[in-house]
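Structure, as structure tokens:
What follows draws every value from the coordinates through simple rules; no lab data is involved. All values derive from a computational prediction rather than experimental measurement. Cβ sites come from the backbone with ideal geometry, for glycine too, and all protein chains shown count toward neighbours.
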Amino acid sequence: MLAYGLGPEPSPHQRHYKQHKGIRPAPPNLLKAYALFIVRPNFIWACDFTYLWVPRLGRWYYLATVIELYDRSIVGWSIGIHHDTELVLSALYDALAGQDQPEILHFDRGSEYLSEGHLNLLDSLGIKPSASAKASPWQNGRQERFYGSLKTELGSLRDIASEGELFELIAVTMKYYNTKRIHGVLKTNPQQYRQNYYKTKFIGNIMLTEVVDKVLQISGT
């Protein structure tokens, strides 16, 4: 295709993001080093945002999400008409309101995520920032894949006549994804997968306690 100057037609709804002022240098990609150690919830989260065109409302909406990489659940999200620091912070606040904070938060090199406001919040919470390499969306692949699934399941937005309808549709789809939709890798839905983790951990702790008790009885200590 390069040799013959061929390429896809540009989408009429293509969005061109501008860089914002007040950004900091990108942190290293910690996900590459710790990907094999995601064996418990709230170790690494990843975040990103995508855009949705709503014809009847005649405007773009931007959806920011935070995904838990252990069970692939969406733990926080936010939607707005601007892709800015406030949008991504709102999604992060939503996640932190219902979960223990992660050790690492991974994102791409968008100026929203490299902004002083976003990185300063992570610093204040003791969360280690992690960023994909430039022009490497596959390094945040689970977020990218989620957006592909989400847009397929949302279906056409042509009949959406109000922001309330849009928000309700997204909320219902998110709940279905987290609690009902079977994930191919997990063999169950994200909610059940996490419950299985805590159930196994609880049983394991009981068994360990029984072993310790027997050792103490035998030793007389």
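The alpha carbons of the range 140-204 occupy a box of 51, 24, 18 Å along the principal axes, longest dimension given first. Applying a DSSP loop filter and a limit of 15 other Cβ atoms within 10 Å to the trypsin sites (Lys or Arg not before Pro) in the range 82-154 leaves 134.
Under Stokes-Einstein, with the Kirkwood radius over Cα pairs as Rh, the value for the range 71-144 at 25 °C and 0.890 mPa s is 190 µm²/s.
Cut-off 20 Å, label point 7 angstrom out along Cα-to-Cβ of residue 182: give me the residues of the range 40-78 whose amide nitrogen falls inside. Residues passing the 20 Å test: 71-74.
For the range 31-219, count the residues as N, evaluate 2.2 N^0.38 Å, and divide the Cα radius of gyration by that value, please.
Normalised by 2.2 N^0.38 Å, the Cα Rg of the range 31-219 equals 1.19.
Taken over the range 128-169, the percentage of Cα pairs per 10 Å bin, counting from 0 up to the bin with the maximum distance, is 23, 35, 24, 18, 0. The lysine pair count for the range 31-219, using Cα distances under 29 Å and pairs eight or more places apart or on different chains, is 22.
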